[in-house]
Amino acid sequence: MTKTLKSASKLEKVLASGAFAVTGELGPPRNAKAKEVEDKAKFLLGNVDSVNVTDNQTAVVRMSSLAASLIAQKQGLEANMQMVCRDRNRIAMQSDILGAAALGINNLLILSGDHQTFGDHPDAKNVYDLDSINLIRALRNMRDEGRLMSGQEIPEDARPRLFIGAAYNPFADPQDYRVLRAKKKVDAGVDFMQSQCIYDMDRFRKFMAKAVDMGLTEKAYFLAGVTPLKSLGMARYMKNNVPGITMPDSYIERLKGVPKERQASEGIRMACEQIDEFKETKGVSGVHLMLVEWEHMVPTIVKEASLLPRPQV
């Protein structure tokens, strides 16, 4: 993989150095209180290389990703600003990309977005003028070719120098299509990819082996998604109710044998065991810690998983 840097992103520098990267996640509040973002940021600072700031996740109205990203960056974090295709047309998305770059955002993570019927405004009209792959391609062209989708040129010294991210899911059906879907995003110009929550390690290893064989990990950095299980109830819920998640029975059986008050600690121990395995999995360049509304446990996990200190770049 080329080491030529495409942006001023700290995350890109960490990955290009060959270090095992760690990204976190921060969900903006359902209000206009900046202090809620600041409070969450305290637990992430010094423990992750950058942090995803979600964009109305689960189709629920929250503080904008751009505003929350700026608040997080003022606290010393580097933001991975998420942008979903659900709510904006191509004019608004290109405008927000230029604005984010102008305000010092260095990472942009492109997602299709949860359908609005899952959220608190089920009657809202979605947009989906572009899907995630076409938006990745548009952003790459804005950065590398200096052109908007209209063909309008962007001066070379005013292009959005962004490190482009996207999501991948090794587990949704049909399984054979998942690596091809990831390839489409890599071909469109993505620089790094973060997975959904991983529990089925066997299936993930098979996915990564295919990605390596196809040369995808030579063109983009792949990060593995980690969400510790807080309880037996959470494990059962994830198994039965969350699309795209494969929960092996072994996780449920293991938590059954642990007293309720110790299940969260056991879940963290299991997550750390996963991280140790990810470190040894060919093609995996880091982990993405998804502990939304449990950010205060990030310091514990990165310490127990021997992910400290974070590299200085």
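The values are calculated or read from the model by the stated rules, or taken from the named source; none is laboratory data. Bear in mind that the values here come from a model prediction, so they are computed numbers and not experimental data. Methodologically, a virtual Cβ is constructed for each residue, glycine included, from the backbone with ideal geometry; neighbour enumeration extends over all protein chains shown.
Does Ser7 satisfy being crowded, with 18+ Cβ neighbours inside 10 Å, among the small types (Gly, Ala, Ser) and not in a helix (DSSP H, G or I)?
On the way: crowded, with 18+ Cβ neighbours inside 10 Å: yes; among the small types (Gly, Ala, Ser): yes; not in a helix (DSSP H, G or I): yes.
Yes, satisfied.
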Original post:
Of all residues in segment 273-305, which are touching a helix residue (DSSP H, G or I) at 6+ places or on another chain (Cβ under 8 Å) and in a loop (DSSP other than H, G, I, E, B)?
Top reply: Thr281, Lys282, Gly283, Leu291, Val292, Ala305
Original post:
Right, Ser69: farther than 22 Å from Asn169 by Cβ, buried (at least 20 other Cβ atoms within 10 Å of the Cβ) and of a type in the set (Ser, Thr, Tyr) or not?
Top reply: yes
Original post:
Taking segment 237-268, which residues are assigned to a helix (DSSP H, G or I) and either of a type in the set (A, V, I, L, M, F, W, C) or in contact with a Leu (Cβ under 9 Å, 6 or more places away or on another chain) (or both)?
Top reply: Met238, Tyr251, Ile252, Leu255, Lys256, Lys260, Gln263, Ala264, Glu266, Gly267, Ile268
Original post:
Does segment 181-192 contain at least one residue that is of a type outside the set (Asp, Glu), at pLDDT below 95 and under 17 Å from Met290 (Cβ atoms)?
Top reply: no
**OP:** State which residue pairs qualify: first residue on the phi > 0 side of the Ramachandran plot and inside segment 121-138, second residue among the charged types (D, E, K, R) in any location, beta carbons under 7 Å apart, and separation of 6 or more residues or different chains.
**Re:** Tyr128/Arg86
Subject >> Conditions (1) touching a Ser or Thr at 6+ places or on another chain (Cβ under 6 Å); (2) in a strand (DSSP E or B); (3) free of Cβ contacts under 8 Å to residues at least 40 places away in the same chain: number failed by Ala224 >> reply: (3)
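Looking at segment 240-264, which of its residues are farther than 22 Å from Gln175 by Cβ and of a type in the set (A, V, I, L, M, F, W, C)?
Residues satisfying the conditions are Leu255, Val258, Ala264.
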**OP:** Among the candidates Ser50, Ser64, single out the residue that is closer than 17 Å to Ala167 by Cβ and surrounded by 15 or more Cβ atoms within 10 Å (Cβ to Cβ).
**Re:** Ser50
**OP:** Of the conditions (1) farther than 30 Å from Leu255 by Cα; (2) in contact (Cβ under 8 Å) with a residue 12 or more places away in the chain, Pro170 clears all except one; give me its number.
**Re:** (1)
Original post:
Are any residues in segment 44-82 closer than 18 Å to Lys10 by Cβ, in contact (Cβ under 8 Å) with a residue 60 or more places away in the chain and among the hydrophobic types (A, V, I, L, M, F, W, C), and if so, which ones?
Top reply: Leu44, Val48
Original post:
Any idea which of Gly244, Gly225, Gly146 is surrounded by fewer than 16 Cβ atoms within 10 Å (Cβ to Cβ) and of a type outside the set (Asp, Glu)?
Top reply: Gly244
